[in-house]
There are 2 protein chains.
Amino acid sequence: MKDIALGIDIGGTFTKFGFIEKNGKSQFDSMIVTTGHPDIKTYMANLASGINKSLEDLGPDFNLVGVGIGAPNGNYYNGTIEYAPNLDWKNVVPFVEMFKKYFNLPMALTNDANAAAIGEMIYGSAKGLKDFVVITLGTGLGSGIVVNGKVVYGHDGFAGEVGHVMVYENGRMCGCGNRGCLETYASASGIRRTVFELLCDETDDSSLRDVGFNEMTAKMISKAAREGDPIALKAFEITGKILGMKLADTVAHTSPEAIFLFGGLTNAGDLIFKPTIEHFEKNLLKVYKNKIKILPSGLQETNAAVLGASALAWKELERQ
Amino acid sequence: MKDIALGIDIGGTFTKFGFIEKNGKSQFDSMIVTTGHPDIKTYMANLASGINKSLEDLGPDFNLVGVGIGAPNGNYYNGTIEYAPNLDWKNVVPFVEMFKKYFNLPMALTNDANAAAIGEMIYGSAKGLKDFVVITLGTGLGSGIVVNGKVVYGHDGFAGEVGHVMVYENGRMCGCGNRGCLETYASASGIRRTVFELLCDETDDSSLRDVGFNEMTAKMISKAAREGDPIALKAFEITGKILGMKLADTVAHTSPEAIFLFGGLTNAGDLIFKPTIEHFEKNLLKVYKNKIKILPSGLQETNAAVLGASALAWKELERQ
């Protein structure tokens, strides 16, 4: 019998789940649709029956030992999803309490960036590190901060919102209602906004001048930059500069040994890492210079969220 | 026999020490001069003999159980003082290792702001809190960050340098060599710089127009503000605004339950607390709003540094 943990990644559109061994080997991945379940109970019944079906398919050689859940606005302390703007269930959903009726196992829930940090620690490039930070560069910017081998949840379960530190007073409007937040600059949506600022401010020719705001993706910007497009190149330079600048502030808080960048934008490689590292070093306090690494995540992007969620289960089992 | 801990606060000019009971009761305070000892060995011998003399004076009813040391650039992990700009000893001083030859007791060393945080936890207003931050507003701005009941030292022993997060790109020159650091705005020296900026930008009459830069103190600015001086009032408003803005970023990292402000500038009371709290709340991410307190420190300023250092000793004894 092999022990496996169930990892569940609740996204706005799909809920993915998978069974992962302690060594990171994935045994089975599947998903259900998140949307179209205004009643959480129907959603949960569907999810549980999908999981049970998958467990049956796996056969008797596997032993499910724990459940980890990554969800937007997930609160680790309470096992709740609280006021998640992209989910159908408003208010506070006592997810873990409800889901334990289906699977009475060690179970924990947190947000996806914290789950990514634990994934990095259990399966990825942060094995053995005690103090590190994971930054997820998706549509927004998420962060998981690890101090002394433990994710920092803060007094309320909501610590680690580096996407919402302020870069510029009265800067870009953020989805959170404030202005100037880091994620309005350093994220897939942030770099798109930077491209449009540059299309306005500069006169360089650019293939990006033919693309509407809603159609433009970070992938297109990467492609254009690799082809030498001056606007796209400048956009990466600015994105990296701002990210590096603010990560230096993060170091001034918890002095991590390494910062791992994760998510689509990091596929641009040096285009994003080079300016980030340059401006990171430039802005670090002397005592931190030349000793903190900025590295790509060691998790595969395709199933990282499920891996991270399952890692939360393994971490929970360590505590017991 | 009563157990006492020795607290030592190494400052650029004086080294203060005292013997403190676990309940915070101070039994004896004294000091030696820090300067004029280019050789650390002579300094240490003097310090030890001063301490031994004080111990004798205390009499046989007291039992010294541990030593805590607060020092600029103090590294908790190594017990070292590293490249402290205001001390005579350059490079890395293995303070704890050397001082154990005089007092072979549980001993720990950290910087003064971390010591203040532990002092707040053991004797002050943070008793029972697991997640909080102490900000010391002196000539500079120091910070001690506590997560899960423990000071965050980071991977290298130097975490918690919130005084050096960047407020404005290409902002004011900081002693650290970077520009725009928080402590160039929010500190006793920062508010003085703000007064001079206002004396330049505004045309209001002000008693502060008669004082030279080197002569001006935060105390003078407080006094002028209480008398209704428009420049001084604006300076407090700006200082609080910037401090509140950046403390909101600190919350986005570790989500503390409370932030304690300590040091001379806090004697201005509402003048500093009001704008700080207003702009703090304004800049917080929604999930943190109206639940994180900004409070004055519960430690008396006169011997807080020695108290904090002794608290480090008590904290160390808890670990053993």
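With respect to A:ARG193, determine if the residue is at negative phi and more than 14 Å from chain B (Cβ to nearest Cβ).
On the way: at negative phi: yes; more than 14 Å from chain B (Cβ to nearest Cβ): yes.
So A:ARG193 passes the test.
Please work out if B:SER207 is in contact with a helix residue (DSSP H, G or I) (Cβ under 8 Å, 6 or more places away or on another chain) and either surrounded by 16 or more Cβ atoms within 10 Å (Cβ to Cβ) or of a type in the set (D, E, K, R) (or both). Steps first, answer last, please.
Numbers: in contact with a helix residue (DSSP H, G or I) (Cβ under 8 Å, 6 or more places away or on another chain): yes; either surrounded by 16 or more Cβ atoms within 10 Å (Cβ to Cβ) or of a type in the set (D, E, K, R) (or both): no.
The answer is no for B:SER207.
Restricting attention to the range A:1-27, which residues are of a type in the set (A, V, I, L, M, F, W, C), surrounded by fewer than 17 Cβ atoms within 10 Å (Cβ to Cβ) and part of a strand (DSSP E or B)?
Listed by number, the list holds a single entry, A:PHE14.
Considering each residue of the range B:210-222, count those that are basic (Lys, Arg) and either in a loop (DSSP other than H, G, I, E, B) or surrounded by 15 or more Cβ atoms within 10 Å (Cβ to Cβ) (or both), and give that number.
0
Looking at B:LEU265, B:LEU295, B:LEU317, can you tell me which residue is among the hydrophobic types (A, V, I, L, M, F, W, C) and touching a helix residue (DSSP H, G or I) at 6+ places or on another chain (Cβ under 8 Å)? I'd like the intermediate steps shown before the answer.
Details: B:LEU295 fails: touching a helix residue (DSSP H, G or I) at 6+ places or on another chain (Cβ under 8 Å); B:LEU317 fails: touching a helix residue (DSSP H, G or I) at 6+ places or on another chain (Cβ under 8 Å).
Matching residue, one of B:LEU265, B:LEU295, B:LEU317: B:LEU265.
Residue-wise test of (1) farther than 24 Å from A:LEU55 by Cα; (2) of a type in the set (Gly, Ala, Ser); (3) free of Cβ contacts under 8 Å to residues at least 12 places away in the same chain; (4) touching a Cys at 6+ places or on another chain (Cβ under 9 Å).
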position: A:LYS90; (1), (2), (3), (4): yes, no, yes, no
position: A:VAL93; (1), (2), (3), (4): yes, no, no, no
position: A:GLU97; (1), (2), (3), (4): no, no, no, no
position: A:ASN104; (1), (2), (3), (4): no, no, yes, no
position: A:ASN114; (1), (2), (3), (4): yes, no, no, no
position: A:GLY124; (1), (2), (3), (4): yes, yes, no, no
position: A:LYS127; (1), (2), (3), (4): yes, no, yes, no
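Identify, please: which residue in the range B:200-250 is over 20 Å from the mean Cα position of the chain (by Cα) and of a type in the set (Val, Ile, Thr) and is, among those, farthest from the other protein chains (Cβ to nearest Cβ)?
Per the stated criteria, the residue is B:VAL211.
Taking the range B:150-174 only, how many residues are surrounded by fewer than 24 Cβ atoms within 10 Å (Cβ to Cβ), of a type outside the set (A, V, I, L, M, F, W, C), free of Cβ contacts under 8 Å to residues at least 40 places away in the same chain and touching a helix residue (DSSP H, G or I) at 6+ places or on another chain (Cβ under 8 Å)?
Residues meeting the conditions: 3.
Confirm whether A:GLU197 is assigned to a helix (DSSP H, G or I) and free of Cβ contacts under 8 Å to residues at least 12 places away in the same chain. Before the answer, list the steps.
Working: assigned to a helix (DSSP H, G or I): yes; free of Cβ contacts under 8 Å to residues at least 12 places away in the same chain: yes.
Against the criterion (assigned to a helix (DSSP H, G or I) and free of Cβ contacts under 8 Å to residues at least 12 places away in the same chain), A:GLU197 qualifies.
Which residue pairs have Cβ atoms closer than 9 Å, lie 6 or more positions apart in sequence or on different chains, and pair a first residue in the range A:67-79 that is closer than 23 Å to A:GLY175 by Cβ with a second residue that is of a type in the set (A, V, I, L, M) and part of a loop (DSSP other than H, G, I, E, B)?
Filtered contacts from the range A:67-79: A:ALA71/A:ALA84; A:ALA71/A:LEU87; A:PRO72/A:ALA84; A:PRO72/A:LEU87; A:ASN73/A:ALA84; A:ASN73/A:LEU87; A:GLY74/A:ALA84.
With respect to B:TYR77, is the statement that it is buried (at least 21 other Cβ atoms within 10 Å of the Cβ) and not in a strand (DSSP E or B) true?
no
Give me the residue from the range A:130-188 that is basic (Lys, Arg) and within 11 Å of chain B (Cβ to nearest Cβ) and, out of that set, nearest to A:TYR76 (Cα to Cα).
The selected residue is A:LYS150.
Of all residues in the range B:176-192, which are without any contact (Cβ under 8 Å) to a residue 24 or more places away in the chain, crowded, with 17+ Cβ neighbours inside 10 Å and either in a loop (DSSP other than H, G, I, E, B) or more than 20 Å from the chain's Cα centre (by Cα) (or both)?
B:CYS176, B:ASN178, B:GLY180 - these are the residues of the range B:176-192 that are without any contact (Cβ under 8 Å) to a residue 24 or more places away in the chain, crowded, with 17+ Cβ neighbours inside 10 Å and either in a loop (DSSP other than H, G, I, E, B) or more than 20 Å from the chain's Cα centre (by Cα) (or both).
Are any residues in the range A:279-314 crowded, with 23+ Cβ neighbours inside 10 Å, within 14 Å of chain B (Cβ to nearest Cβ), part of a helix (DSSP H, G or I) and not aromatic (Phe, Trp, Tyr), and if so, which ones?
A:ASN283
Just for the range B:226-263: of the residues that are touching a residue at least 60 places away in the same chain (Cβ under 8 Å) and aliphatic (A, V, I, L, M), which one is surrounded by the most Cβ atoms within 10 Å (Cβ to Cβ)?
Here the residue is B:LEU243.
Of the conditions (1) over 18 Å from A:GLY12 (Cα atoms); (2) without any contact (Cβ under 8 Å) to a residue 40 or more places away in the chain, A:GLY142 fails just one. Which one is it?
(1)
Every number in this text was worked out from the coordinates using simple rules, so none of it is lab data. Everything numeric here is computed off the predicted structure, so don't read it as measured data. Because the Cβ atoms are built from the backbone with ideal geometry, glycine has one as well, and the counts that use them run over all protein chains shown.
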